[in-house]
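Notes follow once the structure below has been shown.
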RNA sequence: GCGCUCGUGGCUCAACGGAUAGAGCACCUGGCUUCGGACCAGGGGAUUGCAGGUUCGAUUCCUGCCGAGCGCACCA
């Protein structure tokens, strides 16, 4: 709907002022209550361009657009806003559309089938996944769902650091020697099952078991299905890393110093150059990571999205730099998730795998449930530092707004069960095209209409936390409608038919939002 | 010291440079003989860390300061 209005405005600007204004740059907002359904500030922007009073510009555009029948009316306000009020018919058509398109409502084609790669969670396979690492899980998974809905072809991948230093540390821990760092039941278990020998080899074997028996089940439990678990060890074996490094060398971005091989990341804004091959001949994490990113591009992905914990922010510059050096600028988007601070008895728990003082994602799911956990993580924008009070975890799960949303869905299911026979008949024959809408109905329908714009917006700005916010808003509008508007009225079949259509549309959208978030939409609860 | 991310009611968090800064929890007052009260209606509670600047307009952008987290390895 926003796009439609943008286009109309663009045409109006053209015919009123002879100015060619990029439709994409016309901002369409939701104004405060009572001021219409949509608003725009173009007149304020345009005022400067054409050298006229914004109010004057707004009024000119208003009269230019006043004949369009998707609007009931258009108003101008104070500094130069233009406010649009949709016609009831526009809204009514939208309800029909949702019922026709079902779960395809809100689908978009802006992705145009482009392949997009998402790398998330990717915690080291050295033990259970803790809540800090887990935050990126629902985020990446949900973002992939959104992208898919917008016509992209997303691919979910977990990068497994199954060799190198991490494997050594795990190896030492299994061997229980002086350099051991991890402990816990799973280490005891590995000790019995892994053949002891070289720390590296022991660690690699252990990592394989951790991946299969701890990490994968944990992700499945969290509702996340990766398309692939990508092995760093395999990548190194393939010779790909050397290939990429020599490509960088040819372009002059590689030099040797102190027996090591370096990448000139300072040429890309990094504060120092970075080692890619250590003096002992082993590749650094960064060295192989460059190859990993190139490998992804060579697999046909046009866009790469990496979701990293905030402790990796220092790597953004150098990774982007390496890609740019190889002629792949602007193909990588990095989303950083800030840390989750865990509070227990009012005090912060330092999350340490070594000290064993971390909370695993499995524990969290067992405690509060998958739906509530996902919703909680998704609610907050990635760049806020979250506090999570474990003592309130259980209580929080009962107070979690996810139930508010699910309840709305279940309530509708209940209404539809009750209306069963009528729904099975040709109840649509009772629909009238000129029915007067209750105030709450109008508000609710408008909320439904926002969905398509929202999904498309998220596919571009990755602001996944808008989804839970939207879901709560929609549930809120529904509950409020429910309280004032009786759906089933045997003495008024026209009204009943109209409201059943509406309620079905609400259920469709609620179910779809929940599905995108990877959260169940219960018929009963 | 340098860099990244933040600082919003008592608590947890929203707010594409826009209009009266929004929700939830907690607190207070009302509301079920009809579709599910896990709900609804309403109320109190915020000089958006501080100080400047940019402009028609700043929680948002810029500068400085204060405070928090995270980085600053031939570890990942």
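Every number in this text was worked out from the coordinates using simple rules, so none of it is lab data. Please read these numbers as outputs of a predicted model, since none were measured by experiment. Because the Cβ atoms are built from the backbone with ideal geometry, glycine has one as well, and the counts that use them run over all protein chains shown.
Cβ-to-Cβ counts within 10 Å put A:465, A:313, A:409 in ascending order as A:313, A:465, A:409, the fewest first.
Could you tell me the calculated FRET efficiency between residue A:221 and residue A:260, based on Cβ-Cβ distance and R0 = 45 angstrom, to the nearest 0.05? Mind showing how you got there, number by number?
On the way: r = 42 Å, r/R0 = 0.93.
FRET efficiency, residue A:221 to residue A:260: 0.60.
A Förster radius of 41 Å, combined with the Cβ-Cβ distance separating residue A:313 from residue A:486, puts the computed FRET efficiency at roughly 0.15.
Hey, what's the Kirkwood Rh for the range A:2-86 if you take every pair of different alpha carbons, in angstrom?
Working: mean 1/r = 0.0804 Å⁻¹.
Taking every pair of different Cα atoms in the range A:2-86, averaging 1/r and inverting gives 12.4 Å.
With neighbour counts taken as other beta-carbon atoms within 10 Å, the residues A:142, A:266, A:284 rank, fewest first, as A:266, A:284, A:142.
Extension gain, residue A:282 to residue A:302: 0.36 nm times the residue separation minus the Cα-Cα distance gives 4.2 nm. Sorting the segments A:18-24, A:495-501 by their mean number of nearby beta carbons within 10 angstrom, highest to lowest, gives A:495-501, A:18-24. Using a Förster distance of 30 Å, how high is the FRET efficiency between residue A:525 and residue A:493, based on the Cβ-Cβ distance and rounded to 0.05? Computed FRET efficiency for residue A:525 and residue A:493 comes out at 0.50.
Based on the mean of other Cβ atoms within 10 Å per residue, sort peptides A:75-88, A:151-164, A:245-258 so the most packed one is first. If you can, show how the numbers build up before the last one.
Working: A:75-88: 18.0, A:151-164: 21.5, A:245-258: 14.1.
Highest-to-lowest ranking by the protection proxy: A:151-164, A:75-88, A:245-258.
Summary of the geometry: the range A:86-108 and the range A:111-162, compared by the centres of their Cα atoms, lie 31 Å apart.
Let me make sure I get this right: for chain A, a, b and c are the square roots of the gyration tensor eigenvalues over alpha carbons, sorted descending. Under 1.5 in a/c it's rounded, otherwise prolate if a/b > b/c, else oblate. Which is it?
oblate
Return the calculated 222 nm mean residue ellipticity for chain A, to the nearest 500 deg cm²/dmol, obtained by summing -39500 (n - 2.57) across DSSP H runs with n ≥ 4 and dividing by the residue count. All intermediate terms of the calculation are to be shown ahead of the outcome.
Values: 22 runs with 263 residues, N = 525.
The helix contribution divided over chain A gives -15500 deg cm²/dmol.
Counting 0.36 nm for each residue step from residue A:339 to residue A:242 and taking away their Cα separation leaves a gain of 31.5 nm.
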